[in-house]
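Q: Got a structure for you, written out below as structure tokens; questions coming shortly.
The values are calculated or read from the model by the stated rules, or taken from the named source; none is laboratory data. Predicted model, so just to flag it, every value in this text is computed and none were measured. Backbone-built Cβ (ideal geometry, glycine too); neighbour counts: all protein chains shown. In case anyone asks, the SASA skips ligands and DNA or RNA and just uses the protein heavy atoms, side chains included. Shrake-Rupley method; radii C 1.70, N 1.55, O 1.52, S 1.80 Å.
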Amino acid sequence: TDVGVAATVTDAVVQIDVTGTPDTSTIDIDVTGIATATSHALDVTYSSVAALGNAIDLNMGTNLAGNAMNIASAGIRTAPMIVLDGAGTDGGTDDHLIDINQSGLLNSNVLDITYSSGASDGNAIDLNMGTDVAGDAINIATAATTGQAIQIDTTGIWTNPLIDINVGTAIATSNVIDITF
């Protein structure tokens, strides 16, 4: 069903209010056929005018036990789970592709990566700077703290160096490691 709105919208076009104690999904999309590359289960496109609102706005409020988003995968994947293509950003200070602002008490990690089973051979974090000629690959700015800026805890026997720096002939007047107090 198509829903077309040609006038200025001052209220929700579709509004779903869930009360009570539901035991099923409010919106449930099951795809059983082979979907083509252009048949998305949810498609949001801004195409002709500047918009100010969020495409998807998740406010967890009092939902303290549920995830804001849960992405599960099975089988041998041939495409990434999440893709961010940032073409068109203007280079301003407020147009990060990912922006995490943590306030309040947090007794867990902001970003947590755990390999728990199966042999993996990819990088946990892979940074390819390419044409970024002025930015740092990793920039750590920290205030006085009892924790370390970088900490490496390892067990087992390493067959390769724990830290490996290969500079090659690209270095000219700069230091490989520069420590200033």
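Q: Kindly check whether there is at least one residue in the stretch 55-62 that is in a loop (DSSP other than H, G, I, E, B) and farther than 23 Å from Leu97 by Cβ.
A: Within the stretch 55-62 (the criterion being in a loop (DSSP other than H, G, I, E, B) and farther than 23 Å from Leu97 by Cβ), the answer is yes, since at least one residue qualifies.
Q: Quick check on the stretch 135-159: of everything there that is closer than 20 Å to Ser108 by Cα and among the small types (Gly, Ala, Ser), which residue is surrounded by the most Cβ atoms within 10 Å (Cβ to Cβ)?
A: Ala149
Q: Check off (1) modelled with pLDDT under 85; (2) under 30 Å from Leu52 (Cβ atoms) for Ala68 and give me the number that stays unchecked.
A: So Ala68 meets the others, but not (1).
Q: Is there any pair linking a residue in the stretch 58-80 that is touching a residue at least 60 places away in the same chain (Cβ under 8 Å) to one that is surrounded by 10 or more Cβ atoms within 10 Å (Cβ to Cβ) and of a type in the set (Phe, Trp, Tyr), with Cβ under 8 Å and at least six apart or on different chains, and which?
A: Going by the 8 Å Cβ cut-off, there are no qualifying pairs.
Q: Looking only at the stretch 111-126, count every residue that is modelled with pLDDT of 85 or more and open to solvent by less than 90 Å² (accessible area, probe 1.4 Å) and tell me the total.
A: Qualifying residue count for the region: 4.
Q: Looking at Thr38, Thr26, which is the one that is open to solvent by 100 Å² or more (accessible area, probe 1.4 Å), part of a loop (DSSP other than H, G, I, E, B) and of a type in the set (Ser, Thr, Tyr)?
A: Going through Thr38, Thr26 in turn, the sole match is Thr38.
Q: Against the definition (of a type in the set (Asp, Glu), open to solvent by 100 Å² or more (accessible area, probe 1.4 Å) and without any contact (Cβ under 8 Å) to a residue 60 or more places away in the chain), how does Asp99 come out, yes or no?
A: no
Q: Could you list, in sequence order, the residues of the stretch 45-83 that are closer than 28 Å to Val9 by Cβ and either of a type in the set (A, V, I, L, M) or surrounded by 10 or more Cβ atoms within 10 Å (Cβ to Cβ) (or both)?
A: Listed by number, the residues that qualify are Val49, Ala50, Ala51, Leu52, Ala55, Ile56, Leu58, Met60, Asn63, Ala68, Met69.
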